[in-house]
Amino acid sequence: MSLRISRAATLVATLALSPAALAQDEGVERDYQIPLPEAPEGEVTFTPPHERDLPDNQYGDMVRQGRDLFLNTQSLRGEYVFNEQNCANCHLDAGRLANSAPMWASFGVYPAYRGKNDKVNTLAERIQGCFTYSMNGTPPPTGSEPLVAMQTYLHWMSTGAPINESLPGRGYPKLEEAEQAPDRARGAEVYAAQCAVCHGDEGQGQKVGERQVFPPLWGDGAYNWGAGMHRVNTAANFIKANMPLGKPYSLSDQQAWDVAAFINSHERPQDPRRRTLETLEETDATFHNHHGYYGDEIDGHRLGDHADFGENPRPLDG
Amino acid sequence: MTTKRITSGLGLLLGLGLAAGQAQALEGDAERGQQAAGVCVACHQADGMGMDNPNGESWPRLAGLPAAYIEKQLHDIKAGRRESATMMPFANMLDDQQIADVSAYYAEMTAWPTLPTAYQPADPEDAAEWLAHRGDWAEDAMIPACNQCHGPSGQGVGDVFPPLAGQHAGYLAAQLEAWRDGSRHNDPNQLMVGIAERLDEAQIAMIADYYATLPATLAERDAPSSEEDAP
């Protein structure tokens, strides 16, 4: 929540006056959540290999294990995963789909500097980041089998991709700023008409037996307040190119912005970095200088003003 | 935290999407439904299992479909959102209450088979299984996995996404064709039509056969191992 979004008239009323937000105006850039750099323009030309062509050896087996973890990350539930997500929920087609933050476009660009933690990150650390935030989890240790399996899967998928070069199709395609400020009420209408059929009236998702079919978008089972997807712009970009499922690019830009604002103005598990800081205000000021609702007052409730880390067992002072 | 509802005021809007176009819910009575269903057995059979007619129109299995799904289909057929010269006169015989009743009757008749929900990797050499589990995301296809909407093992999700596994092959293929030629245009939010249009003929034949035989395939796959496990 920075002053950069003050064009969002509906938001301004609720957040512009918070002292934390004003402090940010000093020009000190402390936004630790800078989204991925924009992908280069141009045709998507890279095609990852087909699983038919996986070799029958130890390497191939490790790739298969990584693929299984990517599609069914729930097998790590209670150990490294504490919500109802799978990696493939936000990286469609098992991490292969262009404009859905595909894994083949990420493998060659790490190690890379990331603002989120202000250091040069390896691919392993980038994956660990998605565990901490998107999966509301605990990252598997470096060198542990789940992490090695995932790295191997990504390595195989990137067969033939250039190293240290950003490829077209990386990340989620960046939308132009909305003509009108993103509006939660309009977003609620889009949600009811286009999304609730799968994700549920209360954003709770749907299961068949124990198996998640449609992921929850808010509440305990969803990505937490530190995840990239909680930024309104990142979610809008993802939604435009990937949702509703099977109908990519069918929403107008405005609808994508509005529905992203609606989804991301709901409660979700606490930002894990809140544990390292004294107050919500400090967490908000340090880590949330972006387009999001963390710390904002919505319908009489201050988002993120709780010690609920979902199923993640580490306590607030842990 | 999930219980903290902060949608106040917005909550009303939710649910409108689906309710639109659907008649207000009438309580269905399965016993009355049985009487109204007397004329249906000629095609859908006394046990509600329908029939695959390789050389003609196939009659879908109705037994165990969700009541709300059956109800919606009958209203859609009456209203012409789903054009079927065969079914139309029979749907037209039913008023709203009778529709609710026959829907309850068929829904309660025999449960749809419950199939495995656990994750299973798809065999990359098996094109049909691949389409069902993984989809066809080529740039000109962009087809999600059928199971992403129709549920694990294609056994259906809630009232909106009907089961495919165990339905007759001829009927499944006919429905995909019906979306392609525009005679079926009743899918909520047009979630199905684009997918049907982007499938090719070979995929349609293959996937219809896959789902029709899936319950048997899965039972066979499980059988030998459970024998081995037996003491």
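Here is how the numbers come out for the structure above:
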item: Selection status of residue A:178, of a type in the set (A, V, I, L, M, F, W, C), in a loop (DSSP other than H, G, I, E, B), at pLDDT below 95 and at negative phi; result: yes
item: Cβ pairs under 6 Å, 6+ apart, first in segment B:99-124 and within 9 Å of chain A (Cβ to nearest Cβ), second open to solvent by less than 40 Å² (accessible area, probe 1.4 Å) and assigned to a loop (DSSP other than H, G, I, E, B); result: B:119/A:72
item: Single match in B:185, B:150 (criterion: away from chain A (no Cβ under 13 Å), open to solvent by 20 Å² or more (accessible area, probe 1.4 Å) and closer than 21 Å to residue A:196 by Cα); result: B:185
item: Residue match in segment A:252-259 (condition: away from chain B (no Cβ under 14 Å), of a type outside the set (A, V, I, L, M, F, W, C) and in contact with a Leu (Cβ under 6 Å, 6 or more places away or on another chain)); result: yes
item: The one condition in (1) buried (at least 24 other Cβ atoms within 10 Å of the Cβ); (2) over 30 Å from residue B:131 (Cβ atoms); (3) more than 8 Å from chain B (Cβ to nearest Cβ) that residue A:309 fails to fulfil; result: (1)
item: So residue A:121, is it among the polar types (S, T, N, Q) and either at pLDDT 95 or above or over 23 Å from residue A:231 (Cβ atoms) (or both); result: no
item: Segment A:177-199, residues that are within 9 Å of chain B (Cβ to nearest Cβ) and under 27 Å from residue B:153 (Cα atoms); result: A:194, A:195, A:196, A:197, A:198
item: Residues located in segment A:264-306, provided they are at pLDDT 90 or above, among the polar types (S, T, N, Q) and buried (at least 21 other Cβ atoms within 10 Å of the Cβ); result: A:264, A:265, A:270, A:283
item: Pairs with Cβ under 9 Å, 6+ apart, first in segment B:60-87 and assigned by TED's automatic domain parsing to the domain that holds residue B:37 and free of Cβ contacts under 8 Å to residues at least 12 places away in the same chain, second assigned to a loop (DSSP other than H, G, I, E, B) and open to solvent by less than 30 Å² (accessible area, probe 1.4 Å); result: B:79/B:186
item: Of all residues making up segment A:186-197, the number that are in contact with a Gly (Cβ under 8 Å, 6 or more places away or on another chain) and open to solvent by 20 Å² or more (accessible area, probe 1.4 Å); result: 2
item: Residue check for residue B:196: free of Cβ contacts under 8 Å to residues at least 24 places away in the same chain, among the small types (Gly, Ala, Ser) and under 30 Å from residue A:90 (Cα atoms); result: yes
item: Residue match in segment A:84-92 (condition: outside any loop (DSSP other than H, G, I, E, B), in contact with a helix residue (DSSP H, G or I) (Cβ under 9 Å, 6 or more places away or on another chain), modelled with pLDDT of 95 or more and away from chain B (no Cβ under 14 Å)); result: no
item: Selection count where residues are open to solvent by 20 Å² or more (accessible area, probe 1.4 Å) and among the small types (Gly, Ala, Ser), scope segment A:89-105; result: 1
item: Which numbered condition residue B:74 fails, given (1) at pLDDT 95 or above; (2) more than 13 Å from chain A (Cβ to nearest Cβ); (3) assigned to a loop (DSSP other than H, G, I, E, B); result: (3)
item: Failed condition for residue B:116, given (1) in contact with a helix residue (DSSP H, G or I) (Cβ under 7 Å, 6 or more places away or on another chain); (2) closer than 30 Å to residue B:29 by Cβ; (3) of a type outside the set (Asp, Glu); (4) in a loop (DSSP other than H, G, I, E, B); result: (2)
item: Residue match in segment B:192-204 (condition: of a type in the set (Lys, Arg) and open to solvent by 20 Å² or more (accessible area, probe 1.4 Å)); result: yes
item: Residue within segment A:120-130 that is in contact with a Leu (Cβ under 9 Å, 6 or more places away or on another chain) and on the phi > 0 side of the Ramachandran plot present; result: no
item: Members of segment A:49-68 found to be in contact with a Pro (Cβ under 8 Å, 6 or more places away or on another chain) and either exposed (fewer than 11 other Cβ atoms within 10 Å of the Cβ) or more than 10 Å from chain B (Cβ to nearest Cβ) (or both), listed by number; result: A:50, A:52
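Okay, residues lined up against (1) under 17 Å from residue B:147 (Cβ atoms); (2) basic (Lys, Arg); (3) part of a loop (DSSP other than H, G, I, E, B):
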site: B:164; (1), (2), (3): yes, no, yes
site: B:171; (1), (2), (3): no, no, no
site: B:178; (1), (2), (3): no, no, no
site: B:186; (1), (2), (3): no, no, yes
site: B:206; (1), (2), (3): yes, no, no
site: B:213; (1), (2), (3): yes, no, no
site: B:217; (1), (2), (3): yes, no, no
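The rows are residues; the columns are (1) in contact with a helix residue (DSSP H, G or I) (Cβ under 7 Å, 6 or more places away or on another chain); (2) outside any helix (DSSP H, G or I); (3) within 14 Å of chain B (Cβ to nearest Cβ).
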site: A:74; (1), (2), (3): no, no, yes
site: A:79; (1), (2), (3): no, yes, no
site: A:97; (1), (2), (3): no, yes, yes
site: A:113; (1), (2), (3): no, yes, no
site: A:125; (1), (2), (3): no, no, no
site: A:131; (1), (2), (3): no, no, no
site: A:135; (1), (2), (3): yes, yes, no
site: A:140; (1), (2), (3): yes, yes, no
site: A:149; (1), (2), (3): yes, no, yes
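The values are calculated or read from the model by the stated rules, or taken from the named source; none is laboratory data. Note that the structure is a prediction, hence the values are computed from the model and not measured. Please note: Cβ atoms are built from the backbone with ideal geometry, for glycine as well, and neighbour counts cover all protein chains shown. Ligands, DNA and RNA are excluded from the accessible area calculation, which covers all protein heavy atoms including side chains. Shrake-Rupley method; radii C 1.70, N 1.55, O 1.52, S 1.80 Å.
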